[in-house]
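Here the structure comes first, spelled out in structure tokens, and everything after it is commentary.
The values are calculated or read from the model by the stated rules, or taken from the named source; none is laboratory data. All values reported here derive from a predicted model rather than from experimental measurement. Glycine gets a Cβ as well: all are built from the backbone with ideal geometry, and neighbour counts include every protein chain shown. SASA here: full protein model, heavy atoms, side chains in, ligands and nucleic acids out. Shrake-Rupley method; radii C 1.70, N 1.55, O 1.52, S 1.80 Å.
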Amino acid sequence: MSNHTPDPARFPARFTWGVATSAYQIEGAAHEDGRGPSIWDTFCAAPGKVRGGDTGDVACDHYHRLPEDLDLIQGLGVNAYRFSVAWPRVLPQGRGAVNRAGLDFYDRLVDGLLARGIVPWATLYHWDLPQTLEDEGGWRVRGAAEAFAEYAGVVAGALGDRVRHFITLNEPWCSAYLGYGNGVHAPGASDLADSFAASHHLLLAHGLAVPVIREAAPGAQVGITLNLHHTYPASDSAADHAAARRGDGFQNRWYLDPLYGRGYPQDMVQLLGEASPQARGLVRPGDEDQIAAPTDFLGVNMYSRAVMQDAPGEGWLHARQIRPEGSAYTGFDWEVAPDSLTDLLVRLQRDYAPGAIYITENGSTYPDTVSEDGTVHDGERTRYLEAHLAAMQAAMTQGAKVRGYFAWSLMDNFEWAEGYDKRFGIVHVDFDTQARTLKQSGRWYRDFLARARETVPV
């Protein structure tokens, strides 16, 4: 195991330190000021889809508590904040008429951040597809990608004079596979071929949006965020090594390769067979060039690793992810594996050479409670953050061009299909009273950043 204590003095002076959230998970105000319904509103309304019947209708009520929450962010000492824009709040029909009241909220958010000396990082798509577009086929069809480019132009045109960092998509793997492949997330569809059609149209949406953003916001940096995890074989056998390669193809290479100009990985196209977007005629001439539009950075969301075992006949991947014994696990039952972050970052730099890498999400869930003295003792999360910052620092010493880190999440929020059962925040939220309480992990992060500011890197 590597040393899991990060040295605040060894981070560059201009390093980006932030916290991250997403619109549907915190904003609430789901039916106010002209916002249209999203696929998550529809999904939450369907019985049995979300734990406890929870919805994002109120969430953290961030829409109404903006100044308070911006002060909370400022108090952490971060220099950046990653948020997402709700597509149906800006374009209630997915395209066409702009909802000025929706854009005004993000104007206030951006101006409030800048007034507090915090750099805004805007994610354009964090899973809240307008329901009108889903009714037309959603990400299964090309029209969603074209509508996204229109939406990207609207937001970049409105905010690009102040926002200098845009992320097109958050975790297209989740949107495609969890939304259309196994039905765990909105819109709750379960079709392998459709999930890969969605993956192609999501990547195409990114590729179409990049030049639109650049035109609307000259000088802004543009990138995409992928959820990646380093993949390891369960044993030294050739079969398990091959299974790990397939797992890497499904989770990582299917997105990385086309984004970096290599086209889709042919081993995965062949494995998918008739379920591939290529076999269905969805990948048109010029699409792969469009997807490979040059970007300024790669956003990496990392939570755990994958240990893969060969499993002939098990699903289309003929592999299963195993649960290693002897490891620590988070409340999501995700293995705590910080060294895999080092391996992942070094691999990304070696294989794809992004101009810059930002950790756009990293965090953990634990069953936190506010103790009688008013504090939240979440030592496991504190240790998780500390170990992953050390792992990131180790990758930087090996040449990975990591330029920033965003802790997920600023505060406990609506955790998608898990409702309010899983808590990721470094700030505790009482969802009955909306009271915010800085957890032990939040205090640790705040104090670590203070030490990083006080030291002058060598």
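For this structure, a couple of remarks:
- With viscosity 0.890 mPa s and temperature 25 °C, the Kirkwood radius over alpha carbon pairs of the stretch 107-160 converts through Stokes-Einstein to a diffusion coefficient of 192 µm²/s.
- Cα gyration tensor, the stretch 304-458 - rounded (a/c under 1.5), prolate or oblate: oblate
- Reducing the stretch 416-444 and the stretch 1-62 to their Cα centroids gives an inter-centroid distance of 11 Å.
- 5 angstrom amide H check on Ala311, placed H, neighbours 5+ away: Ala319, Arg320
- Principal axes of the stretch 270-386: Cα extent on each, largest first, Å: 63, 40, 26
- The stretch 282-361 - charge dipole about Cα centre, Lys and Arg +1 at Cβ, Asp and Glu -1, debye rounded to 20: 60 debye
- Unit charges at the beta carbon, dipole of the chain: most positive-side option, Ile291, Leu385, Trp444: Ile291
- Whether the chain is rounded, prolate or oblate, judged on the alpha carbon gyration tensor where a/c under 1.5 counts as rounded: rounded
- Bridge type composition, the stretch 296-424 - antiparallel percent by DSSP, nearest 5: 35 percent
- When the helices of the chain are scored as -39500 (n - 2.57) per DSSP H run of n ≥ 4 and the total is divided over every residue, the value at 222 nm lands at -11000 deg cm²/dmol.
- Here the Karplus relation 6.51 cos²θ - 1.76 cosθ + 1.60, evaluated at θ = phi - 60°, turns the backbone of the stretch 386-394 into coupling constants of 4, 5, 6, 5, 5, 5, 4, 4, 5 Hz, with x for every Gly and Pro.
- Probe 1.4 Å, accessible area per residue of the chain, Å²: 36 Å²
- Distance between the stretch 239-274 and the stretch 340-398 - C-alpha centres, whole angstrom: 26 Å
- P(r) of the stretch 250-324 over all Cα-Cα pairs, binned every 5 Å from zero, in whole percent: 3, 12, 18, 21, 17, 15, 10, 3, 0
- Neighbour net charge for Asp421 - beta-carbon separation under 9 angstrom, K R +1, D E -1: 0
- Cα-based shape type of the stretch 319-395, given that a ≥ b ≥ c are square roots of the gyration tensor eigenvalues and the cut on a/c is 1.5: oblate
- Projecting the Cα positions of Val58, Leu76, Gly48 onto the charge dipole of the stretch 46-103 (unit charges on Cβ atoms of Lys, Arg, Asp and Glu, taken about the Cα centre) puts Gly48 furthest along the positive direction.
- Accessible-area composition of the chain, carbon plus sulfur, in percent [1.4 Å probe]: 49 percent
- Its Cα centre serving as origin, the chain has a Cβ charge dipole (Lys and Arg +1, Asp and Glu -1) of approximately 1220 debye.
- Proximal lysines to Lys439, defined as alpha-carbon separation beneath 22 angstrom and excluding residues fewer than eight positions away on the same chain: Lys422
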